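The values are calculated or read from the model by the stated rules, or taken from the named source; none is laboratory data. Keep in mind that this is a model prediction, so the values were computed, not measured. Because the Cβ atoms are built from the backbone with ideal geometry, glycine has one as well, and the counts that use them run over all protein chains shown.
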Amino acid sequence: MEDQSLLTEETISNKIYFIRGQKVMLDSDLASLYGVETKVLKQSVKRNISKFPEDFMFQLSQNEFNNLRSQIVTSSWGGTRISPFAFTEHGILMLSSILKSDKAIQTNIQIMRIFTKVRQMLLDTTEIKVDILQIQKKLENHDKNIELVFSYLDELTEKKENDSERVKIGYKK
């Protein structure tokens with residue numbers, strides 16, 4: 001259990017990428033978190049491929065892989081040269097059914113907690129964005145109303161300046 005204390009929220013969340021509009025983790029990152037070699041993880045997945053439909057796991061295209069490599073900054077001689085598999089949240093859950101070690105189970109629990117937190121953070125930021133848009137609309141309306149008030153004031157002052165002295169009606173002394 002000592003190894004589990006080393007798996008912090010930050011360690012796991014730094015391994016979550018946003019690819020094809022989904023939050024995913026790569027096979028090599030998952031393998032290192034589970035304490036197995038990447039090829040062992042891939043072999044287990046290939047033996048149970050029916051448990052991993054495309055919305056659970058997909059292989060990155062060469063373009064996506066190159067883009068990701070440029071973000072991760074791997075050396076030209078190190079790292080993987082084959083496009084990795086990306087596992088969605090459901091795919092990671094399914095991994096727990098094929099990797100049965102205690103470490104894999106505990107790691108999966110932590111990963112699911114992080115995914116839940118990330119989802120909540122996204123919901124919170126979405127709510128904040130909606131609130132900001134509503135405030136912006138109100139401000140735009142206020143600006144228009146203020147401009148209207150100033151145009152009315154300008155009309156009134158112009159009218160007052162243009163008015164000649166009025167002829168008084170009534171009894172004169």
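Here is a check on your reading of the model: is Leu139 farther than 27 Å from Glu10 by Cβ and without any contact (Cβ under 8 Å) to a residue 40 or more places away in the chain? When the stated conditions are applied, Leu139 passes them. Counting only helices (runs of 4 or more DSSP H) that sit wholly inside segment 1-63, those with at least 2 residues that are at pLDDT 85 or above, surrounded by 14 or more Cβ atoms within 10 Å (Cβ to Cβ) and among the hydrophobic types (A, V, I, L, M, F, W, C) are 27-34, 38-47. Being under 32 Å from the mean Cα position of the chain (by Cα), farther than 30 Å from Leu93 by Cβ and either assigned to a helix (DSSP H, G or I) or among the aromatic types (Phe, Trp, Tyr) (or both): is that true of Lys159 here? When the stated conditions are applied, Lys159 does not pass them. The requirement of being part of a helix (DSSP H, G or I) and in contact (Cβ under 8 Å) with a residue 40 or more places away in the chain is satisfied by Val118. Whenever a residue of segment 41-52 is within 14 Å of Asp27 (Cα to Cα) and of a type in the set (D, E, K, R), its partners that are modelled with pLDDT of 90 or more and assigned to a helix (DSSP H, G or I), lying with C-beta atoms within less than 8 angstrom and at least six residues away or across chains, give the pairs Lys42/Asp27.
Figure legend. Inter-residue proximity from segment 96-108: first residues surrounded by fewer than 16 Cβ atoms within 10 Å (Cβ to Cβ), second residues at pLDDT 80 or above, beta-carbon distance below 6 Å, spacing 6+ or different chains. Indicated pairs: Ile98/Ser44; Ile98/Asn48.
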